[in-house]
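Reviewing the structure listed below.
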Amino acid sequence: MTALIPQSCDVDIHYPSSDGEPVAETFLHFYALAVTLEVLLQYLEGQQAAVLANQFLYYSKGMPKLRVAPDVMVIFGVEPGPRDNYKIWQEGQVPSVVFEMTSKGTQDQDKVFKKTLYEQLGVQEYWLFDPKGEWVENQLQGYRLERDIYQPITDGCSEPLELRLQAEGQLIGFYRQDTGDRLLIPNELAQSLKQEALARQQAEQRAEQERQRAEQARQRAEQAEAELAQLRAELKAKGIELTDES
């Protein structure tokens with residue numbers, strides 16, 4: 001089901017990219033938003049998909065006041081990369097997944113207005129995450145479109161993302177459905193890359209040490225052969241032939 005989007009002349013109409021409002025209600029909400037954004041950007045790297053955060057989603061051409069700013073949204077089938085804002089009629093795709101970092105103060109808007117709007121727009125999945133655990137049971141609740149109506153997701157799995165989601169303290173934990181591996185958050189990823197670089201450096205050092213030992217062994221063998229050849233020559237000069245059996 002798609003919303004009825006009024007069509008009108010779009011010439012000289014200004015679509016703002018900011019309203020001057022804070023990105024998130026509290027640091028915890030901002031942190032959850034930022035980590036979710038980075039995790040999904042890393043996960044979807046190389047795919048034909050855009051991951052955007054706290055940017056205006058315009059859904060009615062010619063009507064710039066009709067907009068919403070999802071905390072995080074994933075749109076498949078479009079060019080990856082940042083945008084000043086997202087206009088559905090220009091991109092040709094509705095977001096597949098939307099995340100809202102909800103709180104007691106935004107509860108009514110998130111569970112009524114935004115839920116209804118995303119449902120009408122045809123957003124396949126809508127996830128509410130409550131970092132402070134103020135009103136969402138178990139902090140995380142997802143909804144999936146079924147016959148144009150949102151139904152609660154009971155298994156914690158996102159079909160478009162092919163990930164399993166669960167609340168882990170003040171963040172959402174993301175797990176690959178094919179391997180069960182947990183997607184690393186930015187500081188974990190940085191630490192993992194650091195450890196990989198250290199392991200690679202250590203492996204290169206071991207390889208260099210092995211090369212040096214092999215070179216030293218080759219030099220010793222060449223020296224031994226030279227000394228043996230010199231000894232043969234000295235003995236031969238004295239009339240003594242040194243055979244291999246000697």
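The values are calculated or read from the model by the stated rules, or taken from the named source; none is laboratory data. Because the structure is predicted, anything quoted here is derived from the model rather than measured. Because the Cβ atoms are built from the backbone with ideal geometry, glycine has one as well, and the counts that use them run over all protein chains shown.
What the table shows:
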{"quantity": "Among (1) in a loop (DSSP other than H, G, I, E, B); (2) in contact with a Phe, Trp or Tyr (Cβ under 7 Å, 6 or more places away or on another chain), the one test that Pro82 misses", "calculated": "(2)"}
{"quantity": "Pairs with Cβ under 8 Å, 6+ apart, first in segment 23-35 and closer than 7 Å to Met101 by Cβ, second among the polar types (S, T, N, Q)", "calculated": "Ala24/Asn54; His29/Ser103; Ala32/Gln170; Leu33/Asn54"}
{"quantity": "Residues satisfying the stated conditions in segment 64-79, i.e. of a type in the set (A, V, I, L, M), part of a loop (DSSP other than H, G, I, E, B) and within 22 Å of Leu33 (Cα to Cα)", "calculated": "Ala69, Val78"}
{"quantity": "Strands (runs of 3 or more DSSP E) contained entirely in segment 109-183, each with at least 2 residues that are charged (D, E, K, R) and touching a helix residue (DSSP H, G or I) at 6+ places or on another chain (Cβ under 7 Å)", "calculated": "none"}
{"quantity": "Qualifying positions in segment 30-76 - more than 19 Å from Gln170 (Cα to Cα) and of a type in the set (Ser, Thr, Tyr)", "calculated": "Tyr43, Tyr58, Tyr59, Ser60"}
{"quantity": "Qualifying position, being closer than 26 Å to Ser158 by Cα, outside any loop (DSSP other than H, G, I, E, B) and either among the charged types (D, E, K, R) or outside the structural domain of Gln93 (by TED's automatic domain parsing) (or both), among Glu38, Glu45", "calculated": "Glu38"}
